[in-house]
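To keep things clear, I will list the structure first and then write my remarks on it.
Taken together, the values in this text are just the output of simple stated rules run on the coordinates, not laboratory data. Worth saying up front: this structure is predicted, and the values here are computed from it rather than measured. All Cβ positions, even for glycine, are placed from backbone atoms using ideal geometry, and neighbour counts span all protein chains on display.
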Amino acid sequence: MELTELEKKEKEMKTKLRELEKRKKEILLKQQLNNCKNLKELCTKFILGEIDEDSFKEAVKKITDKDSFKKASEPVT
């Protein structure tokens, strides 16, 4: 391969990497939004008395213990 071909390939790979990083951020932000919606719904049910305190605590623990929640809770840069 000529140097120019290698440079083109490197540029393409860098572009693909940026696209993948952007997609990863989008996915994490969607997970954060989904987690917030789930917790909001849970809090609303608890406040309205639709679920008791023990059920509320258990459900919050299940949501926040998930790996996806922990990853999505990290700041997205």
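Per-structure values
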| item | result |
| --- | --- |
| Region 3-73 - charge dipole about Cα centre, Lys and Arg +1 at Cβ, Asp and Glu -1, debye rounded to 20 | 440 |
| Listed residues Phe46, Val60, Gln32: farthest to the positive end of the dipole of the chain (Cβ charges) | Gln32 |
| Calculated P(r) over Cα pairs in 10 Å bins from 0, in percent (choose from (1) 18, 58, 22, 2, 0; (2) 19, 53, 26, 3; (3) 17, 30, 21, 14, 10, 6, 3, 0), label | (3) |
| Set of lysines with alpha-carbon distance to Lys45 below 17 Å, sequence-local pairs under 8 removed | Lys37, Lys57, Lys61, Lys62 |
| Helix 3-47 axis, angle to the chain major axis (alpha carbon atoms, nearest 10°) | 10 |
| Region 1-61: GluC sites (Glu not before Pro) falling in loop per DSSP and having at most 16 other Cβ within 10 Å | Glu2, Glu50 |
| Cross-link partners of Lys11 among lysines (Cα-Cα below 21 Å; sequence separation of 8 or more within a chain) | Lys22, Lys24 |
